[in-house]
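In what follows, a structure is listed as structure tokens, so that the remarks can point back to it.
The values are calculated or read from the model by the stated rules, or taken from the named source; none is laboratory data. Values in this document were obtained by computation on a predicted structure and should not be read as measured data. Cβ: placed from backbone, ideal geometry, glycine included. Neighbour counts: every protein chain shown. Areas reflect the complete protein model, heavy atoms only, side chains present, ligands, DNA and RNA absent. Shrake-Rupley method; radii C 1.70, N 1.55, O 1.52, S 1.80 Å.
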Amino acid sequence: MATQCPDTRLSADRLRPVNRIAVNMMLDGGLGALSAPLARWLADPHGGLLHPLWFLAGGAITFLLSSLPFRVPLQYWRFSGVGDLLGIAGASFASAALFALGLHLTGFPIPTPTFPVIHGLVLLVCMGGARIVYRVSYRRATRRQASSQVILIGSDNAADLLIRAVERDPDPPFRIAGILTQGRGQAGRRIHGVPILGHVDTLDAVLSRLRPDTLVPHRLVVTDADFRGEDLAAVLEVAERRGLVVQRAPVLTDLAPANRLELRPVAIEDLLNRPQVTLDHEGMAALLRGRTVMVTGAGGSIGSELTRQIAQYAPGRLLLLDHGEFALWQIDLELSERFPAVRRETILADIRDRERIEQVFARHRPELVFHAAALKHVPMVEANPCEGMLTNVIGTRIVADAAARHGARALVMISTDKAVNPSSLMGASKRAAEMYCQALDVLARAGDAPDAMRCVTVRFGNVLGSTGSVVPVFRRQLERGGPLTVTHPDMQRYFMTVSEAVGLVLQASVRGTIRARAGSGTDALLRGGGIFVLDMGKPVKIVDLARQMIRLAGLRPDRDVPIRFTGLRPGEKLFEELFHGREAPAPTEHPGLRMATPRMVDRDQVGRTIDRLEAACHDDDVPAVLALIAGLVPEFVHNATGTVRETRPHSTDVGTIDADITGADATDAERTMPT
């Protein structure tokens with residue numbers, strides 16, 4: 001039989017806290033012993049210092065007894081703060097009072113009437129001073145250990161938290177040389193001994209006057225999570241000229257148990273200068289909780305984020321529909337780990353398959369449908385126009401009709417800024433899908449039937465990091481050492497993060513499905529076919545985005561990594577727009593949401609044109625497809641060759657679809673295209 005040996009390491013771990021407390025009590029007892037004769041001498045210098053000797057034992061015993069109610073032996077000297085000092089003060093004066101009481105009870109005369117007060121002050125200075133000396137010496141030791149030197153950028157509160165975290169770190173990764181704050185008039189002051197060098201705007205000037213041998217940093221560390229946008233871009237520009245790396249400090253509440261301070265790169269999303277929008281979470285919960293919700297295109301960037309955010313509101317069932325097996329499996333696996341209590345069903349289906357979609361809706365009868373399935377890559381749809389139309393136009397109609405037939409409360413269609421004055425087949429197809437959903441929604445709202453399905457269309461621009469977007473392409477090119485390819489130096493796009501976009505989509509869904517309220521301008525616009533448009537902020541130049549990504553990687557644009565211009569691709573234009581020239585943007589009751597009222601079409605007319613479009617797509621008759629989509633979307637100016645147009649396209653004053661377009665041949669239809 002094997003002999004069982006005690007785990008010595010476990011025993012040592014259990015004894016370690018007891019040993020630390022014992023050491024604290026020995027040190028405090030020693031200081032208490034020295035404090036009593038020192039206080040006697042200060043109170044009565046002619047009475048001697050070490051007489052009587054039992055003052056030593058009495059001082060130690062009375063302080064140890066008085067410290068127990070204030071838990072002074074449990075203090076961690078390295079982390080001593082104001083709260084610990086207050087405990088020491090209480091224990092010191094309690095000890096002095098107890099010592100004086102002991103003298104009185106034993107018949108020993110109190111040296112002077114002020115002796116108890118002096119004794120208490122001496123104890124406070126000795127106990128507090130010992131801890132301060134220990135903390136300062138430890139802090140200086142850690143500063144000497146760190147070889148890397150940094151300057152903090154952000155608010156004074158965030159700097160205070162980070163400096164404290166560095167002091168606690170037994171092996172600090174850097175030494176803090178100074179702070180640049182966002183407040184005016186703080187230069188010259190210090191936070192925990194670290195000088196405030198000035199305002200963030202003066203970064204370049206501050207770096208110029210620093211002494212090269214002592215204060216010049218190796219990195220700049222952004223401490224404030226809200227420091228982003230144009231201010232952050234300006235810091236990156238200065239850092240590039242100075243050859244410095246800019247990093248972000250971790251969120252201090254998220255530090256690992258070992259308190260390791262691991263800096264992280266600045267994310268490209270941080271450069272978007274977008275204020276935080278307050279969302280109506282109660283309204284979203286009321287809309288989604290307990291309901292059967294379907295997301296088409298659930299494996300895509302927008303669709304997968306929709307499923308994540310919807311799952312937070314505890315839907316009754318979450319139906320994930322996609323035609324891609326691997327993407328659908330990925331999001332289903334993620335949801336099973338993050339939201340195991342949410343009932344989910346994965347549905348492999350193509351939205352262009354009318355019979356399959358009809359079966360799915362008849363079986364599951366979703367109450368809310370978020371339609372994110374689409375072909376969104378402009379060059380891909382240009383090369384495959386029939387596939388683009390079948391998915392974006394025909395597929396949308398199939399899903400919308402099936403949802404309406406089977407009792408869905410609302411369908412939310414995800415659109416794009418490329419649908420405004422489209423120059424690509426992808427944009428024109430999304431505009432056609434908008435038109436069909438608009439027509440359905442206007443009919444439903446005009447009838448005012450409580451069970452009529454609402455069609456809510458939400459339009460927004462590019463999403464950072466989404467599949468096929470420019471950011472992942474730039475990252476891959478950076479990993480290969482460049483060059484980064486940009487189509488044109490003046491190319492601009494609207495950007496927002498995927499989580500922000502989806503949050504606003506849910507907000508628009510709430511607003512678009514509630515019952516109309518008297519006097520609401522938003523409700524009036526919805527009855528007229530209004531489309532929700534997300535507030536995308538200012539457009540961003542793609543070449544600036546490329547340069548910023550190079551800087552974030554710690555490299556220099558055009559020197560370490562070149563940028564190469566490749567020319568516009570078919571269907572592209574320099575500027576994207578969120579509103580047609582005839583669409584006056586109207587505000588809504590919710591920040592981050594605006595409304596557009598594009599031209600309206602009759603549902604029967606658009607339906608007949610889409611029927612012919614579907615037939616032409618199945619026949620692979622590309623000229624007929626181009627002609628029909630041009631008639632359906634008269635503002636469509638096809639940039640089939642990637643020609644650069646320096647000015648923004650002007651809107652076309654268009655009415656409803658020409659009723660004769662459904663009977664025109666391809667040649668006649670091509671003549672109706674604007675030039």
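Here are a few things to note about the model shown:
- Odd one out for Ala403, checked against (1) part of a helix (DSSP H, G or I); (2) in contact with a helix residue (DSSP H, G or I) (Cβ under 6 Å, 6 or more places away or on another chain); (3) open to solvent by less than 10 Å² (accessible area, probe 1.4 Å): (2)
- Failed condition for Glu269, given (1) charged (D, E, K, R); (2) modelled with pLDDT of 90 or more; (3) closer than 30 Å to Leu555 by Cβ: (2)
- Odd one out for Glu367, checked against (1) in contact with a helix residue (DSSP H, G or I) (Cβ under 6 Å, 6 or more places away or on another chain); (2) touching a residue at least 60 places away in the same chain (Cβ under 8 Å); (3) over 20 Å from Phe460 (Cα atoms): (1)
- Of the set (1) in a loop (DSSP other than H, G, I, E, B); (2) open to solvent by less than 10 Å² (accessible area, probe 1.4 Å); (3) under 20 Å from Val533 (Cα atoms), all apply to Ala408 but (3).
- Test: Glu635 is of a type in the set (D, E, K, R), in a loop (DSSP other than H, G, I, E, B) and modelled with pLDDT of 85 or more: yes
- If only residues of segment 334-344 that are assigned to a loop (DSSP other than H, G, I, E, B) and of a type in the set (A, V, I, L, M) are counted, the one that is surrounded by the most Cβ atoms within 10 Å (Cβ to Cβ) is Val342.
- Counting the residues of segment 375-401 that are touching a Lys or Arg at 6+ places or on another chain (Cβ under 8 Å) and more than 23 Å from Glu305 (Cα to Cα) gives 5.
- Residue-level check: of (1) at pLDDT 80 or above; (2) in contact with a helix residue (DSSP H, G or I) (Cβ under 7 Å, 6 or more places away or on another chain), Leu261 misses just (1).
- Condition met for Val442 (assigned to a helix (DSSP H, G or I), without any contact (Cβ under 8 Å) to a residue 40 or more places away in the chain and not basic (Lys, Arg)): no
- Matching residues in segment 359-400 - criterion: being part of a loop (DSSP other than H, G, I, E, B), under 13 Å from Ser429 (Cβ atoms), touching a strand residue (DSSP E or B) at 6+ places or on another chain (Cβ under 9 Å) and not aliphatic (A, V, I, L, M): Lys376
- Flag for Arg559 being modelled with pLDDT of 75 or more and exposed (fewer than 14 other Cβ atoms within 10 Å of the Cβ): yes
- Answer from Ile110, Ile118 - the residue that is free of Cβ contacts under 8 Å to residues at least 24 places away in the same chain and within 19 Å of Gly58 (Cβ to Cβ): Ile110
- Residues in segment 507-555 that are under 17 Å from Ala596 (Cβ atoms), β-branched (Val, Ile, Thr) and modelled with pLDDT of 75 or more: Ile531, Val533.
- Some residue of segment 81-97 being open to solvent by 40 Å² or more (accessible area, probe 1.4 Å) and outside any helix (DSSP H, G or I): no
- Filter result for Ala225 (open to solvent by 60 Å² or more (accessible area, probe 1.4 Å), farther than 11 Å from Gly154 by Cα, modelled with pLDDT under 80 and of a type outside the set (S, T, N, Q)): no
- Considering Val502, Val486, the condition of being closer than 18 Å to Ile268 by Cα and open to solvent by less than 30 Å² (accessible area, probe 1.4 Å) is satisfied by Val486 alone.
- Each residue in segment 282-297 was checked for being outside any helix (DSSP H, G or I) and either more than 15 Å from Leu411 (Cα to Cα) or within 21 Å of the chain's Cα centre (by Cα) (or both), and 2 of them qualify.
- Only one of Ile331, Ile351, Ile347 that is touching a residue at least 24 places away in the same chain (Cβ under 8 Å), within 23 Å of the chain's Cα centre (by Cα) and open to solvent by less than 30 Å² (accessible area, probe 1.4 Å): Ile331
- Filter pass, Gly427 being at pLDDT below 90, within 28 Å of Asp523 (Cα to Cα) and surrounded by 21 or more Cβ atoms within 10 Å (Cβ to Cβ): no
- Matching option when the condition is modelled with pLDDT under 85, exposed (fewer than 13 other Cβ atoms within 10 Å of the Cβ) and either out of contact with any strand residue (DSSP E or B) (no Cβ under 8 Å at 6 or more places or on another chain) or not in a loop (DSSP other than H, G, I, E, B) (or both), among Thr667, Thr662: Thr667
- Each residue in segment 617-633 was checked for being more than 44 Å from the chain's Cα centre (by Cα) and open to solvent by less than 40 Å² (accessible area, probe 1.4 Å), and 1 of them qualify.
- In segment 159-177, residue surrounded by the fewest Cβ atoms within 10 Å (Cβ to Cβ) [restricted to those that are out of contact with any helix residue (DSSP H, G or I) (no Cβ under 8 Å at 6 or more places or on another chain) and outside any helix (DSSP H, G or I)]: Pro173
- Some residue of segment 524-544 being over 23 Å from Gln438 (Cβ atoms) and open to solvent by less than 20 Å² (accessible area, probe 1.4 Å): yes
- Candidate set: segment 299-318, residues that are of a type in the set (A, V, I, L, M) and more than 14 Å from Leu504 (Cα to Cα); chosen: the one surrounded by the most Cβ atoms within 10 Å (Cβ to Cβ): Leu318
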